[in-house]
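Enquirer: If you scroll down you'll find the structure; I have some questions about it.
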Amino acid sequence: MTIALYPGSFDPITNGHLDVATRAAKLFDKLIIGVYDKPDKNLLFTTKERVELASQAVANLPNVEVESFDELTVNFARKVKARALVRGLRINADFEREFDMAMMNKRLFPDLELVSFMATAQYQFLSSSLLKEVASLGGCIDDLVPVPVAAALRKKFPMQGKG
Ligand code: ADP
């Protein structure tokens, strides 16, 4: 059974993340979405909320699980017996950082293979940070996130969708 780990902040999960998870779930027996507990970012959602929103988003994907982790990604990958690390690549935004991380992870866990998915054209521009900025200013983001995420953003930003 080949297990893959898709790690990230998922603050919150977007349709771009979900697209990568859906495609990866077709290639691997089991996909674990790893919600990193303490990313070096200003978080909008707690770890519990990020896990709940991601779980709701993948509820229809039977071989996808969501777990939080608070250690080195490669150590969590070892713990869950992952053979592959899944990441998404957007034009410009991701390559250099992903490349550096991949080199470091390879050093730390040589048997873990990186599998990168090119972001789907319609989600190339979509990031959680841009999404939060637009939502906080009242812009409508409903078609960019799963339904429970849109509702959660509306709770955080009552003006959301009215701008
Ligand atoms: P991190 O803090 O690790 O960057 P993110 O939650 O921002 O975590 O992203 C997790 C992974 O999903 C990363 O590999 C990122 O490049 C990828 N990703 C983010 N947004 C998209 C998108 N719109 N399309 C495809 N992949 C994406």
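Enquirer: If I ask for residues that are exposed (fewer than 14 other Cβ atoms within 10 Å of the Cβ), not in a loop (DSSP other than H, G, I, E, B) and not aliphatic (A, V, I, L, M), which ones from the stretch 118-144 would you list?
Expert: The answer is Gln122, Ser129, Glu133, Asp143.
Enquirer: Another question, if that's okay. Can you tell me which residues in the stretch 72-101 are at pLDDT 95 or above, part of a helix (DSSP H, G or I) and more than 10 Å from the ligand (Cβ to nearest atom)?
Expert: Val74, Asn75, Phe76, Ala77, Arg78, Lys79, listed by residue number.
Enquirer: A further question follows. Please count how many residues of the stretch 48-71 are assigned to a loop (DSSP other than H, G, I, E, B), aliphatic (A, V, I, L, M) and farther than 18 Å from Ala150 by Cβ. First the steps, then the outcome.
Expert: From the stretch 48-71, those assigned to a loop (DSSP other than H, G, I, E, B) are 58-63, 70-71; that's our starting set.
Among the residues that remain, those that are also aliphatic (A, V, I, L, M) are: 58-59, 61.
Next cut, farther than 18 Å from Ala150 by Cβ only: 61.
Residues flagged as assigned to a loop (DSSP other than H, G, I, E, B), aliphatic (A, V, I, L, M) and farther than 18 Å from Ala150 by Cβ within the stretch 48-71 amount to 1.
Enquirer: Being open to solvent by less than 30 Å² (accessible area, probe 1.4 Å) and either modelled with pLDDT of 90 or more or within 13 Å of Glu49 (Cα to Cα) (or both) is the filter here; which residues of the stretch 145-163 pass it?
Expert: The first filter runs over the stretch 145-163 and keeps only residues open to solvent by less than 30 Å² (accessible area, probe 1.4 Å), leaving 145-146, 149-150, 152-153, 160.
Hits for the stretch 145-163 are Val145, Pro146, Val149, Ala150, Ala152, Leu153.
Enquirer: Now a separate question. Would you check which residues across the stretch 7-32 are among the hydroxyl-bearing types (Ser, Thr, Tyr), near the ligand (Cβ under 8 Å from one of its atoms) and closer than 16 Å to Met118 by Cα and list them? Let's see the steps before the verdict.
Expert: Pass one, the stretch 7-32, residues among the hydroxyl-bearing types (Ser, Thr, Tyr): 9, 14, 22.
Subset that is near the ligand (Cβ under 8 Å from one of its atoms): 9, 14.
If the condition is that a residue be among the hydroxyl-bearing types (Ser, Thr, Tyr), near the ligand (Cβ under 8 Å from one of its atoms) and closer than 16 Å to Met118 by Cα, then Thr14 is the only one that fits.
The values are calculated or read from the model by the stated rules, or taken from the named source; none is laboratory data. None of the values given here were measured: they were computed from a predicted structure. In this analysis, Cβ positions are derived from the backbone assuming ideal geometry, glycine residues included, and neighbour counts consider all displayed protein chains. Calculation scope for accessible area: heavy atoms of the full protein, side chains included, ligands and nucleic acids excluded. Shrake-Rupley method; radii C 1.70, N 1.55, O 1.52, S 1.80 Å.
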